[in-house]
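Visitor: This is the structure I want to talk about, given as structure tokens.
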Amino acid sequence: MITAEKKFQLTPNNYYTNEANWHYQSKSWFTKFEECEAEALAELKGEYKDTSSNDTPLIAGNYLHSYFESKEAHETFLESHKKDIFKYGNPEKGIKNDYLIIEKCINKLNKDPYFPRLYQGEKEVIVTGEIYGVNWMGKVDCLDLNRKLFFDLKTVDKIHKGHWSSEQHKKLNFAQSRQYDMQMAIYKELIKQTFGVECEPIIIAVSKEKEPDLMAISIPQYLMDFSMEQIKEKQPHIQAVIEGEEKPSACGRCSYCRANKTLDVITPLDEIEIE
Ligand SMILES: [Zn+2]
């Protein structure tokens, strides 16, 4: 069949674009829709950009990732983030404090007797596949099809800090709180569909403390199974919202919702929801 529409080709250059997000679902966007459908849809349509969020943790994460990707990738990254990373945007003036800590993380990993041997494989591998009828994409930090392992590097403030979940009414660890079990379940499935190999995930976490902490983390299968069930359950509605067939719900608390807020309803004092 010949169609006039050009097929979208996912590449490292367009992976982080909104065009890619219209063609492929991803863990980060799925989570955005779980948090607030109205905000996520507005952002996907390019009608809204959350300018209140702090980009530093994201840039710090990329700093670390590009270092372990390749020398070339790291140099390109530093060159394109001069203003963010260096004092007065000048490499000769030194690195800003926010990123000095990342240098500590890098040194910690490099000095570790296991990390250099463990973190071997192809870096930044794009994987795609179909999950319950929807196209998904993912980018694997480090994939070794021979050892049937894949790795994800994560920076965190403190590995053992608890994070309150208003949904579950208890404190979760950072990896549960950020739904890394879901991310790893998705990647495992996409790797299987892309390469035909069942690989096991390992998260390598490093903390941004004065003395960085380290941990290699495996993900129990029951957590990955549960995550896939969650996707199966929530995806049809999210997909319908993206396709304009169902109305997005608004969380009422995020900066997008606050920006659109009016005093149209009156809330009884004992019904103010808390997080
Ligand atoms: Zn919201």
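The values are calculated or read from the model by the stated rules, or taken from the named source; none is laboratory data. Only a predicted model underlies this, so the values are computations on that prediction, with no experimental measurement involved. All Cβ positions, even for glycine, are placed from backbone atoms using ideal geometry, and neighbour counts span all protein chains on display. Surface accessibility is based on the protein's heavy atoms, side chains included, excluding ligands, DNA and RNA. Shrake-Rupley method; radii C 1.70, N 1.55, O 1.52, S 1.80 Å.
Visitor: In segment 236-254, which residues are under 21 Å from the mean Cα position of the chain (by Cα) and modelled with pLDDT under 95?
Guide: Those that are under 21 Å from the mean Cα position of the chain (by Cα) and modelled with pLDDT under 95: Cys251, Cys254.
Visitor: Do we find that His23 is surrounded by 17 or more Cβ atoms within 10 Å (Cβ to Cβ) and away from the ligand (no atom under 16 Å from the Cβ) in this structure?
Guide: no
Visitor: I would also like to ask the following. Just to be sure before I move on: is Pro212 within 30 Å of Ile106 (Cβ to Cβ) and either without any contact (Cβ under 8 Å) to a residue 40 or more places away in the chain or more than 16 Å from the ligand (Cβ to nearest atom) (or both) in the structure I sent?
Guide: yes
Visitor: If you check Leu109, Leu143, which single one turns out to be at pLDDT 95 or above, open to solvent by less than 50 Å² (accessible area, probe 1.4 Å) and part of a helix (DSSP H, G or I)?
Guide: Leu109
Visitor: Next question, about the same structure. Hey, can you tell me all the residues within segment 181-240 that are in contact with a Lys or Arg (Cβ under 9 Å, 6 or more places away or on another chain), polar (S, T, N, Q) and more than 14 Å from Ser26 (Cα to Cα)?
Guide: Listed by number, the list holds a single entry, Ser207.
A quick yes/no check of all residues on (1) in a helix (DSSP H, G or I); (2) over 30 Å from Pro236 (Cβ atoms); (3) open to solvent by less than 70 Å² (accessible area, probe 1.4 Å):
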residue: Pro12; (1), (2), (3): no, yes, no
residue: Tyr15; (1), (2), (3): no, no, yes
residue: Ala60; (1), (2), (3): yes, yes, yes
residue: Lys104; (1), (2), (3): yes, yes, no
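Visitor: With the requirement that a residue be more than 16 Å from the ligand (Cβ to nearest atom) and in a helix (DSSP H, G or I), what does segment 31-58 give you?
Guide: Thr56, Pro57, Leu58 - these are the residues of segment 31-58 that are more than 16 Å from the ligand (Cβ to nearest atom) and in a helix (DSSP H, G or I).
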